[in-house]
């Protein structure tokens, strides 16, 4: 009799002890707000052009426009489309050619339709005193969604009419360095 | 969203555990004590665990951070708290998870000095070291860390699900010394491990001056060994019941097999002084079926895409810069899938204890074995260690054991380990006739707010225990 009562008491005590455990002062709904925001920096394109690059082989005259294109597969990737919050493109020119240039960075989709355009004017420099030009392009919504449809980047250099065209013997370079800063929200 | 979950999983919520069963160790009233020390003193003649109910054990631990640290309702942005946690943890911090379920457990006395026990149990064990540098890279990105290297060497994890068939012999050599051993046959249901990884990822200012940055993957060498997973993940997953069938087969020793043993002793120089020790799970599993090892290795440096403006340019003749970059990368950094066999060692555990017994009961109502009246009290110290990939983990426990009203055996513990300095545990075992039920839990001081606890351990079970002297 006495024993059975003790058994009941024991079971209740242990039961209460282990079931009374609880979680106080915490708010697991905060999990909804978890938002990692890593910022990655990546090299983009670069080039180093000399006078010969701007001379037409056939005519030996200065070209009007110089173009090269590369695919950039990641811009249109699911990851970028879903997680990229904004991006900043940085283009740095070091020009030691005595010639001004209008540069277009044209982001296009597979049908070559323009999705984003970044324009930079590069002033003439000299071999001893190159001109440094840095341009930043911050791309946020609503532009960003259109930008993210791009799959290719066209780097186009236009040589505006000038009384002092490049000839093959001119020294100096037009150097491009670039990077992209990607702000993700995961 | 899926990505977010992966992120959180990597960063905080992969719990690990220690396998210390400080409450069960040297608790000689319970047959499960023989799993902690096959050389324990056996005070009964026969036992049989209620199938699937004789022992359930769960232990979850996190050495550096608790759920409370992250989810505290203090008005601070949770992302700030996660970031603080990432920076407060080191690559020696870990998350552990261990769970065991006895399927069968039984034993019988062969003669006065010999006791046999047998059984089968399932065990899941995971340890996941905090990959600090990768976590920082994933949480913050590389922008604030130009010139700084992130190491792959922090990646270290081990996870397994096994079933174990075992048979043990317990032999009392003389009044002072009892020894025991248990042979174990392991069947691996699934196994994954990754260690000895190396290599770094660095973004730094270009050394050639051609572009702003260069990205350097330096001597990457990472390996993840798996067994039992490829067939489950590789199929089209349309038929889940097929997967269950496969798993069931593996539980019943259709998986990768291994062998191991436990040994232990009890030494009683004087009746009141008890010294014990045991070494558990010395063994290995040999993985040859359904193995897949993923090996990442190589070095690669890139400054981005160099556009060279080739003189001959037409619509179709553009240079495939991107493709070339991808090809170069793939050639330089390779991920091979190998089918090579491998051996995984079990995490061996070491226990030792000293106990001082006192306070014999002087009434007639004695359920002791072989005419020995049991002491009502015991007090002592226990040491536990488990060998883990990076370093052994240790725990020290002080305990007080008490028999109460014959039917109740209690054990109080105070444990110091990687997880906390204030871990108080209580084990209670109820014996009514042959019926036995026990419940043990630690970190009781945190029970009022379990989210503060960095580890939680729980054992529960029901046995039938027979003693002819009763």
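Bear in mind these aren't lab numbers, they're just calculated from the coordinates by the rules spelled out. Predicted model only: the values in this text are computed from it and were never measured. So basically every Cβ, Gly included, is an ideal-geometry build from the backbone, and we count neighbours across all protein chains shown.
Taking other C-beta atoms within 10 Å as the exposure proxy, B:151, A:169 rank A:169, B:151 from fewest upward.
Inter-chain neighbour count for B:68-77: the average number of beta-carbon atoms from partner chains within 10 Å of each residue's beta-carbon is 4. How tilted is helix A:2-19 with respect to the longest principal axis of chain A? Cα atoms for both, answer in degrees (0 to 90, nearest 10). Its long axis makes an angle of about 20 degrees. Largest GNM mean-square fluctuation among A:162, A:48, A:102, using chain A with Cα springs under 10 Å: A:162.
If you plug the beta carbon distance of residue B:468 and residue B:183 into 1/(1 + (r/R0)^6) with R0 = 25 Å, you get a FRET efficiency near 0.40. Roughly speaking, what is the centre-to-centre gap between segment B:378-399 and segment A:59-80 when only Cα atoms are used, to the nearest Å? For segment B:378-399 versus segment A:59-80, the Cα centre distance is 64 Å.
In the protein assembly as shown, the DSSP-assigned H stretches of four residues or longer account for a calculated mean residue ellipticity at 222 nm of -4000 deg cm²/dmol, using -39500 (n - 2.57) per stretch and the full residue count as denominator.
For chain B, relative contact order (Cα pairs under 8 Å, six or more residues apart, normalised by length) works out to 17 percent.
Of all the options A:90, A:151, A:67, the one that moves most in a Gaussian network model of chain A with Cα springs shorter than 10 angstrom is A:67. With coordinates expressed along the principal axes, the C-alpha atoms belonging to chain B extend over 107, 50, 39 Å, beginning with the largest. Once you reduce segment B:268-303 and segment A:113-128 to the center of their Cα atoms, the two points are 60 Å from each other. For the residues of A:67-74, the average number of beta carbons from a partner chain within 10 Å of their own beta carbon is 6.
Peptide B:139-146 is shielded by partner chain Cβ atoms: per residue, an average of 5 of them sit within 10 Å of its Cβ.
Relative to the current alpha-carbon distance between residue B:267 and residue B:208, full extension at 0.36 nm per residue lengthens the span by 14.1 nm.
The fewest-to-most ranking of B:112, A:177, B:328 by surrounding Cβ atoms within 10 Å reads B:112, B:328, A:177. Please work out the Cα center distance from segment B:317-355 to segment B:186-217, rounded to the nearest Å. Value for the Cα centre distance between the two parts: 10 Å.
Take every Cα pair under 8 Å in chain A that's 6+ residues apart, average their separations, divide by the length, and report that relative contact order as a whole percent.
Relative contact order, chain A: 37 percent.
Computed over chain A with a Gaussian network model linking Cα atoms closer than 10 Å, the most mobile of A:56, A:25, A:104 is A:25. Prolate is the label for the protein assembly as shown. Its Cα gyration tensor axes, ordered a ≥ b ≥ c, give a/c of at least 1.5 and a/b above b/c. Rounded to 0.05, the FRET efficiency of the residue B:460 and residue B:376 pair, given R0 = 30 Å and the Cβ-Cβ distance, is 0.75.
Computed from label points 7 Å out along Cα-Cβ, the spacing between residue A:129 and residue B:334 is 5.5 nm. Fewest neighbouring Cβ atoms within 10 Å first, the residues B:390, B:182, B:195 line up as B:390, B:195, B:182. Helix B:321-332 and the longest principal axis of the Cα set of chain B meet at an angle near 40°.
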